[in-house]
Amino acid sequence: MLSQKQAEEAMVSSFTDAGQRDRVEEEEKEQTDDSKFGLKNLLWHGGSAYDAWFSCASNQVAQVLLTLPYSFSQLGMLSGIVLQIFYGILGSWTAYLISVLYVEYRTRKEKENHSFKNHVIQWFEVLDGLLGTYWKAIGLASNCTFLLFGSVIQLIACASNIYYINDRLDKRTWTYIFGACCATTVFIPSFRNYRIWSFLGLGMTTYTAWYLTAAAIAHGQVEGVIHSGPTKLVLYFTGATNILYTFGGHAVTVEIMDAMWKPRKFKYIYLLATLYVFTLTIPSAAAVYWAFGDQLLTHANAFSLLPHSGWRDAAVILMLIHQFITFGFACTPLYFVWEKVIGMHHTKSIFLRALARLPVVIPIWFLAIIFPFFGPINSAVGALLVSFTVYIIPAAAHMVTYRSASARQNAAEKPPFFLPSWTGMYVVNAFVVGWVLVVGFGFGGWASMTNFVKQVDTFGLFAKCYQCKPPSPSHH
């Protein structure tokens, strides 16, 4: 009996080894093909654990940096800091679960001698392979809607930020211009080609976060500053949901993993990225809230309160470039889905694929012009989409995948060292599902939709210039 089991295990491992060997050979060939062009390889071909770390960290925080002080004004200082740490850890946990399910799916497929050459594995395919078509449909719908609105938010934020440097054009016109610029992301084939961009993106966010911190401290507290938060339940849960959104950048986790030479190394990368992100988000949000207090309640974008200076202009410009990168990050999985739908995913020509991808950009552009308010949208997207896509579905999928004893016994990845029992995993996953369902989706959904509807009633759809100051006579 034992020897038969051992023989089976040996067979399975030789299959998996063969699958991995093919993949490694394929990648080594790819790497050697590219080593002739040293610079191209350096800037273009990223697949290391470091690349994945940069991608995760720069993707996690972009324009949210500018709305976190607004969330602090709704939550108060203590809740703001505690919830950041709480959701950061929760987000790292579910990213870990996604990575485990990815490895499980890949291992099972490679046992069946399935080749993934020229194919990017996506989250909905992992759900489909492990749990069937219903899960695939739910995963696909929630992920695509989340990424669609994630891209919309980047466009709105671009227009909102550039307006602080140049208000000769209204925000809607800026949205048209940035829509055209962001459409160029159709030329970037996959996450492996974001190496230089994610590196620059993180540098830009780091500069902006420390500029916000230093500028707020240098500015000092405004006269008669009031820190009254939290005052209303609606505001409290809107702020909490924005933080849930901040640490829910995993709609692209599977694509980032798939771009790695060794995806198994991904397990703790997201946590390490989050720890770095804490050094940017907590000091900047706390300092700006300390300086401006309740004024932030009517200023979703922190740039609007800081005095005009060269430093601020530099931060705005760097944020703009980073938003362009984040737009690409959010859109690339949508491009892949669309390519698979129309049968263009395995096409080698970058230009043909770019042309095929253009129809994805147009609805995003249109939505950014209809709903130009990005603080409230962050919270609405956080409550209604991120809660499911990022927290509930991965935790539930993990529980269902490993519900049988045989699945647990043959699991490609065993429970982590800090939580060695499957029961412990179940308890944590059940807590994540319960907490996010009630607090994130329930209370958060109610609060953020109430806030969102209020913004639509106040400013109307297609608002030409949302939260703009009336032009002063001295301006020309």
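The values are calculated or read from the model by the stated rules, or taken from the named source; none is laboratory data. Note that the coordinates shown come from a computational prediction; the quantities given were computed from them, not determined experimentally. Heads up, the Cβs are rebuilt from the backbone with ideal geometry, glycines too, and the neighbour counts pull from every protein chain shown. To get the accessible areas, we keep the full protein, side chains included, count just its heavy atoms, and leave off ligands, DNA and RNA. Shrake-Rupley method; radii C 1.70, N 1.55, O 1.52, S 1.80 Å.
Things worth noting here:
- Evaluating Q154 against the criteria (1) under 17 Å from the mean Cα position of the chain (by Cα); (2) open to solvent by 20 Å² or more (accessible area, probe 1.4 Å) leaves one unmet condition, (2).
- Residue in the range 206-215 that is aromatic (F, W, Y) and within 24 Å of A368 (Cβ to Cβ) present: no
For (1) in a helix (DSSP H, G or I); (2) open to solvent by less than 10 Å² (accessible area, probe 1.4 Å); (3) within 20 Å of I269 (Cα to Cα); (4) in contact (Cβ under 8 Å) with a residue 60 or more places away in the chain, each residue gets a yes or a no:
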| position | (1), (2), (3), (4) |
| --- | --- |
| W93 | yes, no, yes, yes |
| S99 | yes, yes, yes, yes |
| N113 | no, no, no, yes |
| I121 | no, yes, yes, yes |
| D128 | yes, no, no, no |
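- Positions within the range 420-446 being more than 24 Å from the chain's Cα centre (by Cα) and open to solvent by 30 Å² or more (accessible area, probe 1.4 Å), in sequence order: P420, S421, W422, T423, Y426, V427
- Condition met for I325 (modelled with pLDDT under 90, among the β-branched types (V, I, T) and crowded, with 19+ Cβ neighbours inside 10 Å): yes
- Lone qualifier among A218, A291 - being more than 20 Å from the chain's Cα centre (by Cα), among the hydrophobic types (A, V, I, L, M, F, W, C), farther than 27 Å from V439 by Cβ and open to solvent by 30 Å² or more (accessible area, probe 1.4 Å): A218
- Every pair of residues 6+ apart whose Cβ atoms lie under 9 Å, when the first sits in the range 412-433 and is more than 23 Å from T107 (Cβ to Cβ) while the second is among the hydroxyl-bearing types (S, T, Y) and part of a helix (DSSP H, G or I): V432/T94; V432/Y391; V433/Y391
- Scanning the range 66-87 for residues that are aliphatic (A, V, I, L, M), open to solvent by less than 20 Å² (accessible area, probe 1.4 Å) and within 19 Å of the chain's Cα centre (by Cα) turns up L66, L68.
- In the range 176-205, the residues that are over 25 Å from D258 (Cβ atoms) and open to solvent by less than 10 Å² (accessible area, probe 1.4 Å): G179
- Pick from the range 206-215, criterion closer than 14 Å to L65 by Cα and more than 22 Å from the chain's Cα centre (by Cα), ranking: surrounded by the most Cβ atoms within 10 Å (Cβ to Cβ): Y211
- Of all the criteria given as (1) in contact with a helix residue (DSSP H, G or I) (Cβ under 8 Å, 6 or more places away or on another chain); (2) open to solvent by less than 40 Å² (accessible area, probe 1.4 Å); (3) under 21 Å from R195 (Cβ atoms), the one not satisfied by S48 is (1).
- Filtering the range 134-166 to residues that are touching a helix residue (DSSP H, G or I) at 6+ places or on another chain (Cβ under 7 Å) and either free of Cβ contacts under 8 Å to residues at least 24 places away in the same chain or not in a helix (DSSP H, G or I) (or both) leaves K136, Y163, Y164, I165.
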